[in-house]
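Chemist: Dropping a structure here in structure tokens format, bear with me for questions.
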């Protein structure tokens, strides 16, 4: 069994975003790039499955569509424990373009399980996983918060309103995973970091694909207004402020 | 010249930061308050490879360079310098000493489990009457032919109770003064060893500091490190490297306190605006930032010299003295910026201030570092 984990390269979640070029781009100076947190959880679950099903999972591959500067992120995924990495050389513009590239990689190696984070923490597109499944004509399961393999059979937990549903599926399939798929992202051990450099990181050319969406510009969310403290003796003002300022009722 | 860190160095820094900020932070205040040894964290850091990160892969270590070690020590010590000192003693005193000066048999038998973190080590040099003046060893290792008979007391031993392997410095030939001193590898479970009660310390309360008494402890001859009489030189050489660890720990304490003070200054308001907008606070933070940057550069420089195989004893003394002294200054200012909040445990900076004090004392006081530095000026 082979697992493909899709890795998005995103700014550290604490990054302060500064817009430039008339709000069509953001300033990348000093930005620390990380593995998209949901993808990191997906990779962690893939590692756990590999370790708990001795010999069943032949390899875990990580894939990213992006430029050379994304290789640090792929190297970290290798340090965490992926067996090899593929970078599709491209400057991706939208989800469809990325999905076409990943689908091609997935098809060539015939991966059995494809894991994609529910969304990337930068653009929050939440589209690639589903598109990849459609392009490959294989099942996809969304909002997966549990993935198990027992006796070679796969079962998935899926979050639904007020509860969970348990599904089974045939291989191959795409699981679009969210929080809960694993508890904490795995921290790479010293040995993993050492070995990462020796593991294969293959760069492949992008295939032709349409770009179906384009960004017009970005807007930063409105800054949160400061917290207003009310003295104990003026507690009645709270109701007034909720009515007049916050317009809560 | 190149100030860029490598991909691996950054990964190690991030791994240490992730562990510290995700795990160590959870119980650091409670462990400090109740002086609880962090057994589970030591195990987790061992699994990640931090306890023997400088040891060659051949001996089950991480095979990392000293620059990575500085980065990791800083990140761990920002949150919890008790873990920092456990890591430092194991890596740069015990493992380094064994790897550099031990025999192949000693490395196979003692270094490997220490590098894996299956056991941790302790370095037993200080005595009730031998601190800065380490030549005055009252602990005796009497030569009995095929073994040494060890008697005496060691003080302030980090990992004193939790260690499985001790490196003990003791006098064999008092007439030869410090040239008669030996370094011995001693199994913690040897007959005749008594570990004293846990010292109630001002800071780093989660690390276990004890006195250790030796009464007719038999140590096989093959456990001596180096030639007969090499012990004092061994201790001094090992402490050269140890200083880089403690300097980086002090750096971490300072930068941990600075980060908290900076954050607080951006949130807390006084006289209608955030503290940071008051120049008296902004300038304090500016001074703190400069000191930390200097300390970091000194630590990295000393580590780099060591990695290049160049002499680093003076550089590590400079790093240790400066980083320890500024850790005390920076943590004191961090408490000041926090005002009353800084004086309570919840805000961490009072603990960091207590921890900073020790870095000016152990593994060579700031004054002893000045002895090392000033002597080098005359050469």
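The values are calculated or read from the model by the stated rules, or taken from the named source; none is laboratory data. Since the model is a prediction, treat every value here as computed from it, not as a measurement. Neighbour counts run over all protein chains shown; Cβ positions are idealised from the backbone, glycine included.
Chemist: Among the residues of region A:173-184 satisfying the criterion of being assigned to a loop (DSSP other than H, G, I, E, B) and surrounded by 20 or more Cβ atoms within 10 Å (Cβ to Cβ), which is farthest from the other protein chains (Cβ to nearest Cβ)?
Modeler: A:181
Chemist: Show me the strands (runs of 3 or more DSSP E) found entirely inside region B:83-188 where at least 2 residues are assigned by TED's automatic domain parsing to the domain that holds residue B:358, surrounded by fewer than 24 Cβ atoms within 10 Å (Cβ to Cβ) and touching a strand residue (DSSP E or B) at 6+ places or on another chain (Cβ under 7 Å).
Modeler: Strands (runs of 3 or more DSSP E) meeting the threshold: none at all.
Chemist: Checking the structure you have, find out if any residue of region B:272-288 is at pLDDT 95 or above and within 23 Å of the chain's Cα centre (by Cα).
Modeler: yes
Chemist: Here is a further query. For region B:49-81, how many residues meet the condition of being more than 19 Å from residue B:302 (Cβ to Cβ), buried (at least 24 other Cβ atoms within 10 Å of the Cβ) and within 9 Å of chain A (Cβ to nearest Cβ)?
Modeler: 5
Chemist: Against the condition within 10 Å of chain A (Cβ to nearest Cβ) and buried (at least 18 other Cβ atoms within 10 Å of the Cβ), how does residue B:19 come out, does it pass?
Modeler: yes
Chemist: What is the one condition in (1) buried (at least 22 other Cβ atoms within 10 Å of the Cβ); (2) free of Cβ contacts under 8 Å to residues at least 24 places away in the same chain; (3) within 24 Å of residue B:82 (Cβ to Cβ) that residue B:349 does not satisfy?
Modeler: Condition not satisfied by residue B:349: (2).
Chemist: (1) outside any loop (DSSP other than H, G, I, E, B); (2) surrounded by fewer than 21 Cβ atoms within 10 Å (Cβ to Cβ): which one isn't true of residue B:315, the others all being true?
Modeler: Here residue B:315 meets the rest and fails (2).
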